[in-house]
Amino acid sequence: LDGKETLVIYENTFKGQERKLKSNFSNLRSVLFSDEGYEQFASNVLGVSDSSERYKRINALLPNVKINNIPRVREDIKNIYFLMSYKNAKGLVPAFRYNYSIGINSYASSNLIESVNNINGIVDFESLIMPAPNHFGDDIFLDQFKKNASIKDRLIFDNLYDLLLTSYLSQNGIKEAVVNGRSGILHLREGKCISRKLPLKRINSEGIFTLP
(Lines give C-alpha, C1' and ligand atoms only; values in the text may rest on other atoms or scores of the structure.)
Protein backbone atom coordinates (compact mmCIF):
# COMPACT_ATOMS: atom_id res chain seq x y z
CA LEU A 1 0.00 0.00 0.00
CA ASP A 2 2.91 2.33 0.60
CA GLY A 3 4.34 1.67 -2.87
CA LYS A 4 7.54 0.20 -1.50
CA GLU A 5 8.81 -3.17 -2.65
CA THR A 6 10.54 -6.17 -1.12
CA LEU A 7 13.79 -7.04 -2.84
CA VAL A 8 14.65 -10.75 -3.05
CA ILE A 9 18.29 -11.65 -3.63
CA TYR A 10 18.60 -15.29 -4.61
CA GLU A 11 20.93 -17.95 -5.97
CA ASN A 12 19.98 -20.19 -8.86
CA THR A 13 19.54 -23.19 -6.55
CA PHE A 14 16.68 -21.30 -4.86
CA LYS A 15 14.85 -20.53 -8.11
CA GLY A 16 11.84 -22.63 -7.10
CA GLN A 17 11.36 -20.71 -3.84
CA GLU A 18 11.82 -17.40 -5.65
CA ARG A 19 9.05 -18.29 -8.12
CA LYS A 20 6.72 -19.30 -5.30
CA LEU A 21 7.29 -15.98 -3.52
CA LYS A 22 6.62 -13.98 -6.70
CA SER A 23 3.39 -15.88 -7.34
CA ASN A 24 2.10 -15.21 -3.81
CA PHE A 25 3.20 -11.65 -3.12
CA SER A 26 2.89 -8.35 -4.96
CA ASN A 27 5.39 -5.49 -4.77
CA LEU A 28 8.22 -7.97 -4.93
CA ARG A 29 11.30 -7.67 -7.15
CA SER A 30 13.88 -10.41 -7.40
CA VAL A 31 17.49 -10.28 -8.53
CA LEU A 32 19.60 -13.33 -9.33
CA PHE A 33 23.06 -13.15 -7.76
CA SER A 34 25.78 -13.15 -10.37
CA ASP A 35 29.36 -14.16 -9.71
CA GLU A 36 30.63 -10.59 -9.57
CA GLY A 37 32.15 -9.23 -6.36
CA TYR A 38 29.80 -8.85 -3.40
CA GLU A 39 30.37 -5.11 -2.99
CA GLN A 40 29.94 -4.44 -6.69
CA PHE A 41 26.77 -6.53 -6.89
CA ALA A 42 25.19 -4.79 -3.89
CA SER A 43 26.21 -1.41 -5.25
CA ASN A 44 24.66 -2.14 -8.65
CA VAL A 45 21.39 -3.50 -7.23
CA LEU A 46 20.91 -0.53 -4.89
CA GLY A 47 21.82 2.00 -7.58
CA VAL A 48 24.91 3.28 -5.76
CA SER A 49 27.03 2.68 -8.88
CA ASP A 50 24.75 4.91 -10.97
CA SER A 51 25.03 7.68 -8.39
CA SER A 52 28.82 7.41 -8.39
CA GLU A 53 28.93 7.53 -12.19
CA ARG A 54 26.78 10.68 -12.24
CA TYR A 55 29.11 12.25 -9.68
CA LYS A 56 32.14 11.49 -11.85
CA ARG A 57 30.51 13.02 -14.95
CA ILE A 58 29.45 16.18 -13.09
CA ASN A 59 32.85 16.46 -11.46
CA ALA A 60 34.51 16.25 -14.88
CA LEU A 61 32.30 19.06 -16.21
CA LEU A 62 32.86 21.26 -13.13
CA PRO A 63 36.41 20.49 -11.98
CA ASN A 64 36.70 23.69 -9.93
CA VAL A 65 33.47 23.14 -7.99
CA LYS A 66 33.59 20.99 -4.86
CA ILE A 67 30.70 18.50 -4.91
CA ASN A 68 30.03 16.03 -2.13
CA ASN A 69 29.01 12.57 -3.33
CA ILE A 70 26.68 11.05 -0.73
CA PRO A 71 24.36 8.46 -2.32
CA ARG A 72 20.92 8.44 -0.71
CA VAL A 73 19.33 5.44 0.98
CA ARG A 74 16.83 3.78 -1.36
CA GLU A 75 13.35 4.88 -0.32
CA ASP A 76 11.48 2.53 -2.67
CA ILE A 77 12.74 -0.65 -0.97
CA LYS A 78 11.11 -1.69 2.30
CA ASN A 79 12.73 -5.09 2.89
CA ILE A 80 15.48 -7.30 1.52
CA TYR A 81 15.08 -11.08 1.67
CA PHE A 82 18.07 -13.33 1.06
CA LEU A 83 17.60 -16.76 -0.50
CA MET A 84 21.24 -17.71 -0.30
CA SER A 85 23.72 -20.34 0.79
CA TYR A 86 25.91 -19.49 3.76
CA LYS A 87 28.94 -19.35 1.47
CA ASN A 88 27.70 -16.31 -0.47
CA ALA A 89 25.44 -14.78 2.18
CA LYS A 90 28.35 -14.16 4.56
CA GLY A 91 29.76 -11.76 1.94
CA LEU A 92 26.54 -10.38 0.49
CA VAL A 93 24.66 -9.50 3.69
CA PRO A 94 27.43 -7.16 4.96
CA ALA A 95 27.88 -5.76 1.45
CA PHE A 96 24.23 -4.71 1.29
CA ARG A 97 24.27 -3.40 4.85
CA TYR A 98 27.19 -1.08 4.14
CA ASN A 99 25.91 0.08 0.73
CA TYR A 100 23.33 2.56 2.02
CA SER A 101 20.68 0.00 3.04
CA ILE A 102 21.09 0.56 6.80
CA GLY A 103 17.47 1.71 7.11
CA ILE A 104 16.13 -1.31 5.21
CA ASN A 105 15.18 -4.47 7.13
CA SER A 106 16.94 -7.60 5.88
CA TYR A 107 15.50 -11.10 6.35
CA ALA A 108 16.47 -14.73 5.78
CA SER A 109 15.36 -18.17 6.92
CA SER A 110 17.34 -19.99 9.61
CA ASN A 111 18.50 -22.45 6.93
CA LEU A 112 21.01 -19.81 5.89
CA ILE A 113 23.09 -20.38 9.04
CA GLU A 114 22.47 -24.08 9.67
CA SER A 115 26.00 -25.06 8.61
CA VAL A 116 27.64 -22.55 11.01
CA ASN A 117 29.70 -24.22 13.76
CA ASN A 118 31.44 -21.16 15.14
CA ILE A 119 29.80 -18.23 16.92
CA ASN A 120 31.87 -15.81 14.81
CA GLY A 121 30.05 -17.12 11.76
CA ILE A 122 26.81 -15.65 13.09
CA VAL A 123 28.37 -12.23 13.69
CA ASP A 124 28.81 -11.97 9.90
CA PHE A 125 25.04 -11.47 9.71
CA GLU A 126 24.70 -8.52 12.07
CA SER A 127 21.27 -6.82 11.73
CA LEU A 128 19.76 -9.75 9.78
CA ILE A 129 16.29 -10.81 10.96
CA MET A 130 15.29 -14.48 10.92
CA PRO A 131 12.97 -16.87 12.77
CA ALA A 132 14.67 -18.40 15.81
CA PRO A 133 13.54 -20.13 19.03
CA ASN A 134 13.69 -18.15 22.27
CA HIS A 135 16.34 -20.56 23.57
CA PHE A 136 18.64 -19.85 20.62
CA GLY A 137 21.89 -18.59 22.17
CA ASP A 138 21.49 -20.01 25.68
CA ASP A 139 24.11 -22.05 27.56
CA ILE A 140 23.15 -25.31 25.82
CA PHE A 141 23.39 -23.57 22.45
CA LEU A 142 26.89 -22.25 23.24
CA ASP A 143 27.94 -25.65 24.59
CA GLN A 144 27.05 -27.18 21.23
CA PHE A 145 29.46 -24.76 19.55
CA LYS A 146 32.23 -25.82 21.92
CA LYS A 147 31.71 -29.37 20.66
CA ASN A 148 32.07 -28.10 17.07
CA ALA A 149 28.46 -28.99 16.31
CA SER A 150 26.67 -27.06 13.58
CA ILE A 151 23.42 -25.17 14.04
CA LYS A 152 21.72 -27.90 12.01
CA ASP A 153 22.89 -30.47 14.59
CA ARG A 154 21.61 -28.18 17.32
CA LEU A 155 18.17 -27.89 15.69
CA ILE A 156 17.93 -31.69 15.49
CA PHE A 157 18.71 -31.85 19.23
CA ASP A 158 16.05 -29.21 19.96
CA ASN A 159 13.39 -31.09 18.01
CA LEU A 160 14.14 -34.34 19.81
CA TYR A 161 14.04 -32.53 23.16
CA ASP A 162 10.62 -31.06 22.39
CA LEU A 163 9.32 -34.43 21.20
CA LEU A 164 10.20 -35.95 24.57
CA LEU A 165 8.75 -32.93 26.38
CA THR A 166 5.38 -33.04 24.61
CA SER A 167 5.18 -36.83 25.07
CA TYR A 168 5.74 -36.34 28.80
CA LEU A 169 3.01 -33.68 29.00
CA SER A 170 0.56 -35.87 27.12
CA GLN A 171 1.26 -38.88 29.34
CA ASN A 172 0.55 -36.71 32.38
CA GLY A 173 -2.88 -35.66 31.20
CA ILE A 174 -2.06 -32.20 29.85
CA LYS A 175 -4.32 -31.86 26.81
CA GLU A 176 -3.86 -28.21 25.89
CA ALA A 177 -0.85 -25.95 26.48
CA VAL A 178 1.40 -23.30 25.02
CA VAL A 179 5.01 -24.30 25.65
CA ASN A 180 8.16 -22.27 25.17
CA GLY A 181 10.01 -25.20 23.63
CA ARG A 182 13.60 -25.40 22.47
CA SER A 183 12.53 -25.54 18.82
CA GLY A 184 9.92 -22.77 19.07
CA ILE A 185 6.58 -21.87 20.66
CA LEU A 186 4.58 -25.11 20.75
CA HIS A 187 0.77 -25.16 20.73
CA LEU A 188 -0.67 -28.41 22.07
CA ARG A 189 -4.34 -29.30 21.48
CA GLU A 190 -5.98 -32.64 22.08
CA GLY A 191 -6.64 -34.55 18.87
CA LYS A 192 -4.63 -32.14 16.71
CA CYS A 193 -1.08 -32.02 15.44
CA ILE A 194 1.30 -29.87 17.46
CA SER A 195 1.85 -26.50 15.81
CA ARG A 196 5.04 -24.52 16.21
CA LYS A 197 5.75 -20.84 15.76
CA LEU A 198 9.13 -19.16 15.63
CA PRO A 199 9.50 -15.53 16.74
CA LEU A 200 11.53 -13.22 14.54
CA LYS A 201 14.91 -12.27 16.01
CA ARG A 202 17.58 -9.79 14.92
CA ILE A 203 21.26 -10.72 15.11
CA ASN A 204 23.28 -8.07 16.96
CA SER A 205 26.98 -7.20 16.72
CA GLU A 206 27.86 -9.98 19.18
CA GLY A 207 26.03 -12.70 17.28
CA ILE A 208 23.17 -12.73 19.81
CA PHE A 209 19.55 -13.03 18.72
CA THR A 210 17.38 -10.18 20.03
CA LEU A 211 13.84 -8.98 19.36
CA PRO A 212 13.74 -6.78 16.22
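Quick look at the values:
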quantity	calculated
Conditions (1) surrounded by fewer than 18 Cβ atoms within 10 Å (Cβ to Cβ); (2) modelled with pLDDT of 90 or more; number of the one not met by TYR81	(1)
Selection status of GLY103, more than 20 Å from GLU18 (Cβ to Cβ), open to solvent by 20 Å² or more (accessible area, probe 1.4 Å) and modelled with pLDDT of 60 or more	yes
Close pairs from the range 186-202: first farther than 18 Å from ASP158 by Cα, partner in a strand (DSSP E or B) and open to solvent by less than 70 Å² (accessible area, probe 1.4 Å), Cβ under 6 Å, at least 6 apart	ARG202/ILE129; ARG202/THR210
Lone unmet requirement of (1) more than 16 Å from ALA132 (Cβ to Cβ); (2) open to solvent by 50 Å² or more (accessible area, probe 1.4 Å); (3) not small (Gly, Ala, Ser) for ASN180	(1)
Close pairs (6 angstrom Cβ cut-off, 6 or more residues apart or separate chains): on the phi > 0 side of the Ramachandran plot in the range 20-44, surrounded by 16 or more Cβ atoms within 10 Å (Cβ to Cβ) anywhere	ASN27/GLU5
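The values are calculated or read from the model by the stated rules, or taken from the named source; none is laboratory data. For clarity, every value in this text was computed on a predicted model and none was experimentally measured. Please note: Cβ atoms are built from the backbone with ideal geometry, for glycine as well, and neighbour counts cover all protein chains shown. Keep in mind that these areas ignore ligands, DNA and RNA; they rest on the heavy atoms of the full protein, side chains included. Shrake-Rupley method; radii C 1.70, N 1.55, O 1.52, S 1.80 Å.
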